Amino acid sequence: MKLALIGFGQAGGKVVDAFCAFDETIGGHVVEAAITVNTATADLRGLEHVTPENRVLIGQSRVKGHGVGADNELGAEVAAADVDEIQTAIDRVPVHDLDAFLIVAGLGGGTGSGGAPVLATHLKRIYNEPVYGLGILPATDEGGIYTLNAARSFRTFTREVDSLLVFDNDAWRQTGESVGSGFERSNQELVERVGRLFAAGEVSSGDHVAESVVDASEIINTLENGVATIGYATQPVDSNTSGILDRVSGASSSTNFGTEHGATNRITSLVRKATLGRLTLPCSVASADKGLVVATGPPDELSRKGIERGRTWLEEETGSMEIRGGDYPRPGADEVGAIVLLSGVTDVPRIEQLQSVAVETKETTSAIRAEQTGGLESLLDTGGELDALF
């Protein structure tokens, strides 16, 4: 697929920057254009792979390039007021070559959380191409205000885009990891999954042609409405899966990957692992409305029968008949992988928890503000003995 990537806010900009680097590394040819939008000058300066002319600073008359301070209502107001400045950058994109727009934003902050849904509404009004969102949930320990922002933005963003891919930072945190290294590693995990998914639908001249092509329409038809999540699993091509006793005794494994039967089993196993392992947004697989299975790796290692078995297994797990499947050959790759896209998921404990905490935060914040107002009035009360200056 050919995408116009638009990173909104600090987190969105960093992910788009990493996405550009990853796309160049794998030769995915996915990124037709990359634009970043922010209210903070410093965040735009820290990017490496987005060209300066595609870094858009908005809200200068309101916040003077200093950001919106995690106020996503202000972020939405600024985005609405300056949407023409963003459109100027988009006008330089050859839209006739695009398959879709992808707006990337952290949902816990202010600029991206508030501005991304505004931009989605604007783009859907102007263009016929699908407008997708990629929303990043804050970790639970980042604070109540970020949780409240994320819950409100999630509701709005989901409504305004054709489909919202979600990445939950909580599910990818590692114990003892610093904040900086943690976010950098999570961003790499994210762009690898999203990048390989969309690269599967983009074939250039000279590429090895897949036996069962996954083109842009397969991805678009899977990403229809609601919330989506991605799973990914890999295994080295030269991996020896024999057990320790087999290696000691010299016995051969029943799943020798040098055979057609072994290749079939490997693809089927990877599809299961991608689905039941860590998804970008953990959820009940059975609640998915649609799905897509993509096998990727050296052409000789991709088993059509394995893909079909994996697709059939996913049909049984989801209870959906709309499970598509295909392969994405990568000549010279040293591993075989499976990408699983689940869309229209509805049973998501993390979202339920997010909304519950957000409601509690809102109620607590309202109570604190009311108490502070009463306290200030009491502090200033002199029983009528003193008058204010004016």
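Could you tell me which of the residues GLY7, GLY67 is surrounded by 24 or more Cβ atoms within 10 Å (Cβ to Cβ) and either at pLDDT 95 or above or in contact with a strand residue (DSSP E or B) (Cβ under 9 Å, 6 or more places away or on another chain) (or both)?
Of the residues listed, the single one that is surrounded by 24 or more Cβ atoms within 10 Å (Cβ to Cβ) and either at pLDDT 95 or above or in contact with a strand residue (DSSP E or B) (Cβ under 9 Å, 6 or more places away or on another chain) (or both) is GLY7.
Just the residues that are over 16 Å from the mean Cα position of the chain (by Cα) and open to solvent by less than 20 Å² (accessible area, probe 1.4 Å), please, taken from the stretch 123-150.
Residues satisfying the conditions are LEU123, THR147, ASN149.
Determine whether the stretch 310-326 contains at least one residue that is touching a Ser or Thr at 6+ places or on another chain (Cβ under 9 Å), farther than 16 Å from VAL213 by Cβ and in contact (Cβ under 8 Å) with a residue 60 or more places away in the chain.
yes
Among (1) open to solvent by 20 Å² or more (accessible area, probe 1.4 Å); (2) modelled with pLDDT of 95 or more; (3) closer than 30 Å to PRO331 by Cβ; (4) of a type in the set (Gly, Ala, Ser), there is one condition ALA33 misses while meeting the rest; what is its number?
(1)
Condition test on THR25, is it open to solvent by 10 Å² or more (accessible area, probe 1.4 Å), polar (S, T, N, Q) and over 21 Å from the mean Cα position of the chain (by Cα)?
It is false that THR25 is open to solvent by 10 Å² or more (accessible area, probe 1.4 Å), polar (S, T, N, Q) and over 21 Å from the mean Cα position of the chain (by Cα).
Right, ARG278: of a type in the set (D, E, K, R) and either touching a Pro at 6+ places or on another chain (Cβ under 7 Å) or at pLDDT 95 or above (or both) or not?
Answer is no for this residue.
Rundown of residues vs (1) open to solvent by 40 Å² or more (accessible area, probe 1.4 Å); (2) outside any helix (DSSP H, G or I), yes/no style:
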{"position": "ALA42", "(1), (2)": "yes, no"}
{"position": "VAL56", "(1), (2)": "no, yes"}
{"position": "SER61", "(1), (2)": "yes, no"}
{"position": "ALA79", "(1), (2)": "no, no"}
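Taking the residues in the stretch 151-176 that are outside any helix (DSSP H, G or I) and polar (S, T, N, Q) as candidates, determine which candidate is farthest from ALA139 (Cα to Cα).
My answer is SER163.
Tell me which residues, restricted to the stretch 219-273, are outside any loop (DSSP other than H, G, I, E, B) and at pLDDT below 50.
Matches in the stretch 219-273: ILE244, LEU245, ASP246, ARG247, VAL248, SER249.
What are the residues in the stretch 274-284 that are in a helix (DSSP H, G or I) and open to solvent by 20 Å² or more (accessible area, probe 1.4 Å), if any?
Selection gives LEU276 alone.
The values are calculated or read from the model by the stated rules, or taken from the named source; none is laboratory data. Remember, predicted model here, so these are calculated numbers, not experimental data. Quick reminder, even Gly has a Cβ in these numbers, built from the backbone with ideal geometry, and neighbours come from all protein chains shown. All accessible areas refer to the heavy atoms of the entire protein, side chains included, with ligands and DNA or RNA removed. Shrake-Rupley method; radii C 1.70, N 1.55, O 1.52, S 1.80 Å.
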